[in-house]
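Please read the structure below before turning to the comments.
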Amino acid sequence: LGVPDDAGYLRLIQGFLHPIRLADDFTPADLLERVRGIAPADLQAVTNTAKRMGLNRAGLDAERVPPLIWADFEEALKRNRVLFSNLRH
């Protein structure tokens, strides 16, 4: 089946993130540049793990997930051991 085009990736990213936001200096397009080539199921797993990383970063008292930063996704990629062709740091 292959991987989605950029527009498809952006739709997936926005859908998987909802309702969580990214930090003001980190856009869905920035995330796309760094994860292009990842399978959609892996992107979903990484996004879910990144949400947990954000919640961990916020601390035990947090009532909601804070805006996610690239470091949340970096850790999520490590934890999910995702394989894809074009990871950019």
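The values are calculated or read from the model by the stated rules, or taken from the named source; none is laboratory data. Treat the numbers as computed from the prediction; the structure is a model and nothing was measured. Cβ sites come from the backbone with ideal geometry, for glycine too, and all protein chains shown count toward neighbours.
With respect to being within 12 Å of the chain's Cα centre (by Cα) and on the phi < 0 side of the Ramachandran plot, Glu63 falls outside the description. Considering only residues in segment 21-51 that are of a type in the set (Lys, Arg) and at pLDDT 95 or above, the one that is farthest from Glu74 (Cα to Cα) turns out to be Arg21. Would you check which residues across segment 21-30 are surrounded by 17 or more Cβ atoms within 10 Å (Cβ to Cβ) and part of a loop (DSSP other than H, G, I, E, B) and list them? Across segment 21-30, the qualifying residue is only Phe26. Taken over segment 31-57, the criterion of being among the aliphatic types (A, V, I, L, M), surrounded by 15 or more Cβ atoms within 10 Å (Cβ to Cβ) and out of contact with any strand residue (DSSP E or B) (no Cβ under 6 Å at 6 or more places or on another chain) is satisfied by Leu31, Leu32, Val35, Ile38, Ala39, Leu43, Ala45, Val46, Met53, Leu55.
I'd like to check something: does segment 58-73 contain any residue that is of a type in the set (D, E, K, R), at pLDDT 95 or above, surrounded by 18 or more Cβ atoms within 10 Å (Cβ to Cβ) and in a helix (DSSP H, G or I)?
Yes, that holds for at least one residue.
Listed by first and then second residue, the pairs with beta-carbon distance under 8 Å, at least 6 apart or on different chains, first residue in segment 47-65 and over 18 Å from Leu12 (Cα atoms) and in contact (Cβ under 8 Å) with a residue 24 or more places away in the chain, second in a loop (DSSP other than H, G, I, E, B) and not aliphatic (A, V, I, L, M), are Gly54/Pro66; Gly54/Pro67. Selection over segment 10-20 of residues that are loosely packed, with under 14 Cβ neighbours inside 10 Å and closer than 15 Å to Pro66 by Cα gives a count of 2.
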